[in-house]
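Notes follow once the structure below has been shown.
Where a number appears in this text, it was derived from the coordinates with a stated rule and is not lab data. Just so we're clear, the structure is a prediction, and the values are computed from it rather than from any experiment. Don't worry about glycine lacking a Cβ; one is built from the backbone with ideal geometry, like all the others, and counts go over all protein chains shown.
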Amino acid sequence: MTEQDLIDLGFEKTDLIDLGLEGIDEDTFYYYALDLVRGLELISNDSDDLIDGKWVVELYEADRIRFVDKENLEEFINVVKRNTI
């Protein structure tokens, strides 16, 4: 997946500087996250830890589920949104 794919799907960029961490310079890494519903968050790998130059997305705290292409991730997001009460 590309960075633009994540943006298109509604993910928000989080930079470590934004988190207020001490000693972080401007060349720090960042990641993307999307809160679907309370307790269900999708999170990308870090910008300095791309896999073959690509972004991947996992369920936060459930890293055994990994999305590597936009179509599968988009389908998952849509299923969750359609079934959220």
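Normalised by the number of residues in the chain, the mean separation of alpha-carbon contacts (under 8 Å, six or more apart) gives a relative contact order of 24 percent. Summing +1 for each Lys or Arg and -1 for each Asp or Glu among the other residues whose beta-carbon sits under 12 angstrom from that of residue 36 gives +1. The string of couplings for the stretch 44-49 from the Karplus curve (6.51, -1.76, 1.60, θ = phi - 60°) is 8, 5, 7, 4, 9, 9 Hz, one whole number per residue in order, with x for Gly and Pro.
Exposed loop sites, defined as GluC sites (Glu not before Pro) outside DSSP H, G, I, E and B with at most 11 other Cβ atoms within 10 Å, are absent from the longest region of the chain, namely 27-60.
The long axis of helix 70-82 is offset from the longest Cα principal axis of the chain by roughly 60 degrees.
What lysines sit close enough to residue 81 to cross-link, taking a C-alpha to C-alpha distance under 18 Å and skipping anything fewer than 8 places away on the same chain? Partners found: 70. In this structure, residue 2 and residue 85 have a Cβ-Cβ separation that, at R0 = 35 Å, corresponds to a calculated FRET efficiency of about 0.60.
In this label model, residue 12 and residue 59 are separated by 2.2 nm, measuring between points 7 Å along each Cα→Cβ vector.
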